[in-house]
Amino acid sequence: MHKLNCMSPDVVTKAYNRISPYVNKTPLLQSDIINKIFNSNIYFKFEGMQKVGAFKARGALNTLLHLKETHNLPKEVVAYSSGNHAQAVAWAAKQLSVKATIIVPSAASPLKIAATKAYGAEVIITRERQEAEDLAQEKANTAFLLPPYDHDDVIAGQGTAALEAWIDEGGFDAVFAPCGGGGLISGTYLATRLFSDHTKVYACEPKIANDAAESYRTGIVKRFEKMPMTLADGARTLGVSERTFQYIKKLDGFYEISEEEIIYWTQWVTHLLKVNIEPTSALGMAGAHKYINEGNSNKKILILLSGGNADPATYAKIWAKSYLEELPKIR
């Protein structure tokens, strides 16, 4: 098997220069209340204002633009996804007039499926996540397979979100990002290393979908047989790849987040920042909360809010019980 090597952090800078004319520059948000309660200086990079409403647009577009640069732009691109990557590939393909076929498991968000179709992609729905991956591999014989995280250009593109935050503000003591397949956290790690060797980088993952955390602990990639049904649908992956695992092994740690904590922080971040976030975005704040509770107050922290796409059924589950009577506190 071909040996995988970690990329140099400068690939994120190249990706940033490549995609900047096409993507949105997303804002860094702050909450005075959160900063005061936690005695910290916390910045939220809000990718809900990115194209397709999620950071995934960055990696998908970077991959296709790099192919175009090298005169290898395909006529058709195929992808598998539980949601945001599906929309991202459909959108990126449309920018470059490439046909897109997206294969999604039936448990994927109906809203994300509808949006993917709206971008002009052909959508094929399978029963299970593994079936979607297998069918995409079959179609890769005649089309370019653009995976959600297992590709160098995807990783480099996802890292541009953190790169923007470092350019706009910088000086962070710790960075937190959600982890599903590992593309965002890998790119975030690379981007952070462009600016700092000492800044801590942490991955945050649902406790019931903790394949990456288990892989990190054991040193061997763990994989689920069936898609874990966490509310954080962006983290419903079967496992990280060997490629993203190369970066995950270099992280400073993992924080595993309960479903109740996901609900709690989705509500509170939405309320305090006045923006809609999807449950996957709440993972970073939940992780930062644990980090601060371990004695790390008075730090400058960057949290990646991965997207803002949540369908009405998910929002109904999130708001079935309100936690807004409970002020966020160290607990």
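From the phi angles alone, apply the Karplus equation (6.51, -1.76, 1.60; θ = phi - 60°) to region 300-311 and give each ³J(HN,Hα) in whole Hz, x where the residue is Gly or Pro.
With coefficients 6.51, -1.76 and 1.60, one gets 9, 10, 10, 10, 7, 8, 5, x, x, 9, 10, 7 Hz.
Report the one residue of SER258, THR13, GLY181 whose Cα lies farthest in the direction of the positive end of the charge dipole of the chain (charges on C-beta: Lys and Arg +1, Asp and Glu -1; origin at the Cα centre).
Looking along the dipole axis, the top candidate is THR13.
Pick from GLY307, GLY53, GLY219: which is most flexible by mean-square fluctuation in a GNM of the chain where alpha carbon atoms under 10 Å apart are linked?
Highest fluctuation among the options: GLY219.
Hey, can you grab everything whose amide H is under 5 Å from the amide H of LEU29? Only 5+ residues off in sequence or another chain; H modelled, so Pro and N-termini drop out.
PHE44, LYS45, PHE46
Tally up the carbon and sulfur contribution to the accessible surface of region 218-308 as a whole percent, 1.4 Å probe, everything protein left in place.
43
Which value in nm describes the separation of the simple spin-label points at GLU169 and GLN95, placed 7 Å from the Cα toward the beta carbon?
2.5
In the Gaussian network model of the chain, springs joining C-alpha atoms below 10 Å, which of ALA114, ALA232, ALA191 carries the largest mean-square fluctuation?
Of the options given, ALA114 has the highest mean-square fluctuation.
Report, in debye and to the nearest 20, how large the dipole of the chain comes out about its Cα centre when Lys and Arg carry +1 and Asp and Glu carry -1 on their Cβ. Write down the numbers at each step before the final one.
Details: 37 positive and 35 negative charges, 72 e Å.
Here the chain has a charge dipole of around 340 debye.
Would you mind telling me which residue in SER81, SER186, SER40 has the biggest mean-square fluctuation in a Gaussian network model of the chain, where springs connect alpha carbons within a distance under 10 angstrom?
For the chain, modelled as a Gaussian network with Cα springs under 10 Å, the answer is SER40.
Among DSSP bridges having both ends in the chain, what percentage is antiparallel? Round to the nearest 5. Kindly include the intermediate steps, with their values, before the conclusion.
Numbers: 3 of 34 bridges.
Roughly 10 percent of the beta bridges in the chain run antiparallel, per DSSP.
The values are calculated or read from the model by the stated rules, or taken from the named source; none is laboratory data. Fair warning: this is a prediction, and the values are worked out from it, not measured in the lab. Methodologically, a virtual Cβ is constructed for each residue, glycine included, from the backbone with ideal geometry; neighbour enumeration extends over all protein chains shown. With ligands, DNA and RNA removed, areas are computed over all heavy atoms of the protein, side chains included. Shrake-Rupley method; radii C 1.70, N 1.55, O 1.52, S 1.80 Å.
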